[in-house]
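Structure first, then comments.
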């Protein structure tokens, strides 16, 4: 049964690697509907410069806290498993996460990502959220890294 506390297991590349509400907008739909800003309108297929190199969906944390959205810059200072970062559920250490009861750490793990052309890849979380230029291009519709924006 779907409830307000139901977590989702896949997140959408909402903002790209730029800050939320930043122009030029690089994601695939950060806040669709109810406005005329670029993030309120679903981007056209022609706006995605390199579909085989742009992340569309990925495993998310499934904790009912922004788990329908993923992006590489919205981590939490508490650690790498926080809201809006892609999951690191696959291949993690499995050790108990300090201060989190029975929650197991997925440090060192990664996520499955689907790209706009339909292919999928497994990517380690530390790489997916890194400032590596090639990786940052994968988050953005114009296929540019936008480091520091």
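A short reminder: the numbers here are calculations on the coordinates, not readings from a lab. Nothing here was measured: the structure is a model prediction, and the numbers come from that model. Methodologically, a virtual Cβ is constructed for each residue, glycine included, from the backbone with ideal geometry; neighbour enumeration extends over all protein chains shown.
Peptide packing: for 53-66, 22-35, the average count of neighbouring Cβ atoms within 10 Å per residue gives the ranking 53-66, 22-35, highest mean first. Packing, as the average of other Cβ atoms within 10 Å across residues, places the peptides 7-20, 37-50, 128-141 in the order 7-20, 128-141, 37-50, highest first.
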